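For reference, the structure discussed in these notes is given below.
Read the figures in this text as sums done on the coordinates, not as results from a lab. Just so you know, these numbers come straight off a predicted model, no measurement behind them. In this analysis, Cβ positions are derived from the backbone assuming ideal geometry, glycine residues included, and neighbour counts consider all displayed protein chains.
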Amino acid sequence: MRLERRKNRMILLTLNVFSLTGGIEKVSQIIAKVLNDHSEELHSDSTFETLSLCDQDDDVDYRYCSKQNFKGYNGNKVFFGIMATIRGLQKKTIILSHINLLVIAVLIKLLDSNKRIILMAHGIEVWRNLSPWKKSFLRKHVEIWAVSEYTASILIAKHGIAPEAIQILNNCLDPYFNIPAQFERPSYLLKRHGIKKKQPVLLSVSRLSSSELYKGYDIIINATKNLIKDFPDLKYLIAGKADPQERKRLEELIKTLGLENQVFLLDFISHNELVDYLLLADLFVMPSKKEGFGIVFIEAAACGCTVLAGNQDGSRDALLNGQLGLLVNPDDDREIETTIHDYLKKENTVDRSAKLQRKCLDYFSYNLYQNKVLNLLTTKTY
């Protein structure tokens, strides 16, 4: 699919793309790749640009964006704001990766009312209260690509956004995510953590922050105390960078419950090892209450690992309303514990993992995402 060169020149404005790791940054990388790959089909390298407030030029990963199509401003808000406005005025379509960039869109729209403004809406950043001017501008001038039905529902109910102004664009798997062909537990991780081949393993992968106590890993820690009665060799691995306050809190909780031999804080695990940890786990557990989508859920499913997630947020989209895992009430500790218990009673077969992986790839592949983005760009509906 091709966009006309003169009619569809585009710019992507972002806060971070490559210098931080996180869900919004990963989505920014992937949308940059879609648009960068598409621009290469055209006749000019100037058709598409990515401008990032916080990245430096050298941060760019050429797999996602070519050097000539990327510019980082190293946190210089004034320079970024000036250049984003100037470059945006030279384009027809301006895509914002975050609502905090909306003020630039306002300036561009004031100077040229014909510009097309698209906002990518992820989760908490658009769920919170918005200032009146933001609501007004969103309602009148912006197309919104929401990562989940849940985020779309909040935009409609809380901020009065017209449903026809919102398109659902679920996140996808990174095109460079190493999808496994087999589902055996990696021997080096078994050795590293002293785990036997048939030993049950729960896994969470999340940033551990004292200001974001909604991921549900502490609920799983408490559930482990009862689960080891029937599964005495159960291990729960929690991977993710923790701030000092949260690490101390979790270490004290683990010690208080006497779970030093069952629950382990692994700190950050590298991208290269993520797939292996997902293969190691019987069940990926994160009954969160504030997930805009949850890319790690589809990464787990792509590795054949069943997911347990909350049923009150964007996790429902990532789990295809239960087709890729187990949806539970994140406020019901007993339901979470019982669901894990019942799942661990079942044999984890290769066939089940393979079916789960196929279902995930059918819905969340990069190629499908790319096609949807290009369709959205060529069929403006609002």
### Query
For Rg/Rh (Cα atoms, Kirkwood Rh), which listed value, [x] 0.95; [y] 1.10; [z] 0.99, comes from the coordinates shown?
[z]
### Task
Please give the calculated 222 nm ellipticity per residue for the chain, where each DSSP H segment of at least 4 residues contributes -39500 (n - 2.57) and the sum is spread over every residue; nearest 500 deg cm²/dmol?
-12500 deg cm²/dmol
### Difference of contour (0.36 nm per residue) and Cα-Cα distance, Phe177 to His341
56.0 nm
### Query
Quick one: helix 244-256 against the long Cα principal axis of the chain, what's the angle to the nearest 10°, folded into 0 to 90?
20
### Query
Rg (Å, one decimal) plus Dmax (Å, integer) for the alpha carbons of segment 1-158?
15.0, 43
### Query
For the pair Asp61 and Asn74, how long in nm is the line joining their label points, each one 7 Å along Cα→Cβ?
2.3
### Cβ-placed point charges (K, R +1; D, E -1), dipole of segment 119-185 about Cα centre in debye, nearest 20
420
### Query
Under the classification rounded if a/c is under 1.5, otherwise prolate if a/b is larger than b/c and oblate if not, where does segment 290-346 fall, given a ≥ b ≥ c as square roots of the Cα gyration tensor eigenvalues?
oblate
### Task
Multiply the residue gap between Asn261 and Arg207 by 0.36 nm, knock off their C-alpha separation, and tell me the result in nm, one decimal place.
17.2 nm
### Task
Just check segment 278-382 against the gyration tensor rule for me: Cα atoms, a ≥ b ≥ c as the square roots of the eigenvalues, rounded for a/c under 1.5, and otherwise prolate or oblate depending on whether a/b exceeds b/c.
oblate
### Task
Find how much the distance from Tyr214 to Thr379 grows on full extension, using 0.36 nm per residue of separation minus their present alpha carbon separation; answer in nm with one decimal.
55.7 nm
### Query
To the nearest 10 degrees, how steeply does helix 333-344 sit against the main Cα axis of the chain, on a 0 to 90 scale?
70
### Query
Of Lys225, Lys77, how do they rank once you tally other Cβ atoms within 10 Å and put the fewest first?
Lys77, Lys225
## Note on the structure
Residues Cys54, Cys172 in order from fewest to most other beta-carbon atoms within 10 Å are Cys54, Cys172
## Note on the structure
Expected sort for Met120, Met286, Met83 with the fewest Cβ neighbours (10 Å cutoff) up front is Met83, Met120, Met286
### Message
Shape verdict for segment 187-364, please, from the Cα gyration tensor: rounded (a/c under 1.5), prolate (a/b greater than b/c) or oblate.
### Response
rounded
### Efficiency of FRET between Lys289 and Lys359 - r from beta-carbon atoms, R0 22 angstrom, step 0.05
0.30
#### Entry: Given 14 as the ceiling on other Cβ atoms within 10 Å, longest exposed-site-free region of the chain for GluC sites (Glu not before Pro) in DSSP loops
42-183
